[in-house]
Amino acid sequence: MVEMEERLKITFPEDYKEFHFMHDGAHLFIDEQAGTRFELLSLEEINEYRKYMDSPDGWYPIAYGFEGSILLIDSIRINKTKRANDYLFWIDSTEPFEDSVPLNMTFEM
């Protein structure tokens, strides 16, 4: 995980790192009839999505789903000494980053 942080030049919060020690992405809340799901991105997918997003420095996507919504981390807000709850944001893929909604929770929550 440290290698990936160095290669991507981003920081991952501790609870997100813990998730990736066990899983490299996941599909959640799958509704086959509606054709919807929420997908937590693998580390490689995060890298790919970042190439195509015009996001502010330190921001990167970690999940998408539910009609084009994106779950983002603002790595500048990550506190390495405690589990702060101000780094996760939700945005519709058609909206500007300024309109992202702070979730006021950690990845673990």
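Calculate, in nm to one decimal, what residue 14 and residue 67 gain on full extension: separation in residues at 0.36 nm each, minus their alpha carbon distance. If you can, show how the numbers build up before the last one.
Numbers: separation 53, 0.36 × 53 = 19.08 nm, distance 2.84 nm.
Gain on stretching residue 14 to residue 67: 16.2 nm.
If every alpha-carbon in region 55-96 counts as one equal scatterer, what log10 I(q)/I(0) does Debye give at q = 0.19, 0.23, 0.35 1/Å?
Debye curve over Cα of region 55-96, log10 I(q)/I(0) at q = 0.19, 0.23, 0.35 Å⁻¹: -0.57, -0.76, -1.22.
Can you send over the carbon and sulfur percentage of the accessible area for region 44-84, probe radius 1.4 Å, protein chains only?
48
When the Karplus curve 6.51 cos²θ - 1.76 cosθ + 1.60 is applied with θ = phi - 60°, which whole-Hz ³J(HN,Hα) does each residue of region 12-20 get, with x for Gly and Pro?
The phi angles translate into 9, x, 4, 5, 6, 4, 4, 4, 6 Hz.
Given contacts defined as C-alpha pairs under 8 Å and at least six residues apart, what's the relative contact order of region 67-109, whole-number percent? Walk me through the intermediate numbers first.
Numbers: 66 pairs, mean separation 16.2, N = 43.
The value is 38 percent.
Work out the FRET efficiency for residue 109 and residue 51 from their Cβ-Cβ distance, taking R0 = 35 Å, and round it to the nearest 0.05.
Plugging the Cβ-Cβ distance into 1/(1 + (r/R0)^6) gives 0.75.
The values are calculated or read from the model by the stated rules, or taken from the named source; none is laboratory data. Predicted, not measured: the structure shown is a model, and the values here were computed from it. So basically every Cβ, Gly included, is an ideal-geometry build from the backbone, and we count neighbours across all protein chains shown. The area values use the complete protein model at the heavy-atom level, side chains included, leaving out ligands, DNA and RNA. Shrake-Rupley method; radii C 1.70, N 1.55, O 1.52, S 1.80 Å.
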